[in-house]
Amino acid sequence: MKIVDISTRSFRYTSRTERDSEGHTHPGPEREATQTMVTVKTDDGAEGYAFGAGAEVIRGLVKPLILGEDPFDREKIWRHLNEMQRGNRATLTDRVIGVVDCALWDLAGRALKQPAHKLLGGFRSKVKAYASTMCGDEMEGGLNSPQAYADFAVQCKEKGYTAFKIHTRMPPIANTPNPKEDVAICAAVREAVGPDMALMLDCFHWYTREEAYYIGKELEKLDYAWLEEPMDEHNTASYIWLTENLTIPILGPESAEGQMYTRAEWIRQKASDFSRAGVMDVGGITPVMKIAHLCEAFGVRLELHSPGAGNLQCLAAMGIPGEYYERGLLHPFLDYEAQSPWLNRIDDPLDSEGNVGISQLPGLGQDINWDYIKGNEVTRK
Ligand code: LLH
Ligand code: MG
């Protein structure tokens, strides 16, 4: 089997979110937005799909490299794309490679009529989810105070979630970041949900050592499950210091570049307690599974970053948890279940016990709404 084409199709949808000047997502006025689907085609008619990479980089950099390759040679293709990054970091990002890798896993699964996790080696068919909030805001009725977070945590608990992760209020909001406010939010949430719900904090990412230490010490008293990315992840020395000085588990790296190499270094240097990776952060399912096996060998927990079909396929194939799936980002104003009209079934349905069932459909397990895509198509390249 040989790859004969890789192309993109862009289509419109209505978004109800917007980004602030620091890049955090919040509820926003309805606006038209564009999603892009990548399609890989083979000479025998097999196809694979994944969402989220731009047309230019696919046509200009990825296509010349993968035409003629066997789509089952994912390791060879991934290596080649990874090497090509050296001269093309601005365009051939880990996210783009992640989308291509996901499309290849989708193709393999569709061709063999198996979900990708069965090809990886299946381990489970559902995973516990945590409700992951958007960063806080200043909206009336939004996530604007400790009480507002506490009320939202209770709503999530009532929906079945057994775990809740707080993204606190950060710049550009005035008078933030504020370690005392972060702790007040965490305390209000613990008070509201009681002792049994697992709670985590993902706060402003550029706190100093002293600020991160203060927050961590307070969270230890509140029995939080982990503290995530409280400092710049390029500052490994500070993470080693923080991990040594706190008993609450430190989770990372999430945003640091370097795929499995950075995760190996963090484990070697004891820069965190739990490792972190996501298919769109490290270049796809292929490197996430390398990281899962690295963590397994070192006895280190791995928590996956972000929602989505690719991460769910990895979680279904991970024997060393991956205790949780990050479901979100959530906000009291948004209907999370209604966000992807290009799918007939959402990727991550939640059951009443707070678990997400992992799709057993072939490939990435997505049920694509072809009529929606055709009806809203903008460009095909
Ligand atoms: O800054 C944000 O909006 C969130 O921190 C976001 O990056 C989120 O994806 C995250 O860190 N989750 O763990
Ligand atoms: Mg995070």
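Data table
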{"quantity": "Leading residue by the ranking (surrounded by the most Cβ atoms within 10 Å (Cβ to Cβ)) among those in region 122-141 that are away from ligand 2 (no atom under 16 Å from the Cβ) and of a type in the set (A, V, I, L, M)", "calculated": "Val127"}
{"quantity": "Criterion (basic (Lys, Arg) and open to solvent by less than 60 Å² (accessible area, probe 1.4 Å)) met by exactly one of Arg169, Arg209", "calculated": "Arg169"}
{"quantity": "Among (1) out of contact with any strand residue (DSSP E or B) (no Cβ under 8 Å at 6 or more places or on another chain); (2) within 30 Å of Leu81 (Cα to Cα), the one test that Glu229 misses", "calculated": "(1)"}
{"quantity": "Residue check, Tyr49 within 16 Å of ligand 2 (Cβ to nearest atom), among the hydroxyl-bearing types (Ser, Thr, Tyr) and buried (at least 18 other Cβ atoms within 10 Å of the Cβ)", "calculated": "no"}
{"quantity": "Helices (runs of 4 or more DSSP H) wholly inside region 160-254 containing at least 2 residues that are touching a residue at least 12 places away in the same chain (Cβ under 8 Å) and under 23 Å from Tyr325 (Cα atoms)", "calculated": "179-193, 209-221"}
{"quantity": "Any hit, region 92-99, residues being within 16 Å of ligand 1 (Cβ to nearest atom), open to solvent by less than 10 Å² (accessible area, probe 1.4 Å), farther than 23 Å from Tyr372 by Cα and at pLDDT 95 or above", "calculated": "yes"}
{"quantity": "Residue count for region 309-329, restricted to those that are within 23 Å of Phe51 (Cβ to Cβ) and open to solvent by 20 Å² or more (accessible area, probe 1.4 Å)", "calculated": "1"}
{"quantity": "Single unsatisfied condition, Ser145 versus (1) more than 16 Å from ligand 1 (Cβ to nearest atom); (2) of a type in the set (Ser, Thr, Tyr); (3) crowded, with 23+ Cβ neighbours inside 10 Å", "calculated": "(3)"}
{"quantity": "Odd one out for Thr42 among (1) touching a residue at least 60 places away in the same chain (Cβ under 8 Å); (2) in contact with a helix residue (DSSP H, G or I) (Cβ under 9 Å, 6 or more places away or on another chain); (3) open to solvent by 30 Å² or more (accessible area, probe 1.4 Å); (4) over 26 Å from Glu257 (Cα atoms)", "calculated": "(3)"}
{"quantity": "Scan of region 342-381 for residues that are open to solvent by 30 Å² or more (accessible area, probe 1.4 Å), farther than 22 Å from Lys159 by Cβ and of a type outside the set (S, T, N, Q), ordered by number", "calculated": "Leu361, Pro362, Asp367, Trp370, Asp371, Tyr372, Lys374, Gly375, Glu377, Val378, Arg380, Lys381"}
{"quantity": "Which numbered condition Phe333 misses (of (1) at pLDDT below 95; (2) part of a loop (DSSP other than H, G, I, E, B); (3) open to solvent by 40 Å² or more (accessible area, probe 1.4 Å))", "calculated": "(1)"}
{"quantity": "Gly122 vs. criteria under 26 Å from Pro362 (Cα atoms) and in a helix (DSSP H, G or I)", "calculated": "no"}
{"quantity": "Options Ile250, Ile215, Ile291, Ile285: the member that is among the β-branched types (Val, Ile, Thr) and within 14 Å of ligand 2 (Cβ to nearest atom)", "calculated": "Ile250"}
{"quantity": "Residue in region 70-85 that is closer than 23 Å to His205 by Cβ, without any contact (Cβ under 8 Å) to a residue 60 or more places away in the chain, open to solvent by 10 Å² or more (accessible area, probe 1.4 Å) and away from ligand 1 (no atom under 16 Å from the Cβ) present", "calculated": "no"}
{"quantity": "Boolean, Thr34 is away from ligand 2 (no atom under 16 Å from the Cβ), exposed (fewer than 14 other Cβ atoms within 10 Å of the Cβ) and within 26 Å of Leu330 (Cα to Cα)", "calculated": "yes"}
{"quantity": "Number of the exception - Val154 against (1) touching a helix residue (DSSP H, G or I) at 6+ places or on another chain (Cβ under 7 Å); (2) within 16 Å of ligand 1 (Cβ to nearest atom); (3) open to solvent by 10 Å² or more (accessible area, probe 1.4 Å)", "calculated": "(2)"}
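The values are calculated or read from the model by the stated rules, or taken from the named source; none is laboratory data. Note that the coordinates shown come from a computational prediction; the quantities given were computed from them, not determined experimentally. No Cβ is skipped: glycine too gets one built from the backbone with ideal geometry, and neighbour counts run over all protein chains shown. Side chains are part of the model used for accessible areas, which takes the heavy atoms of the whole protein and leaves out ligands, DNA and RNA. Shrake-Rupley method; radii C 1.70, N 1.55, O 1.52, S 1.80 Å.
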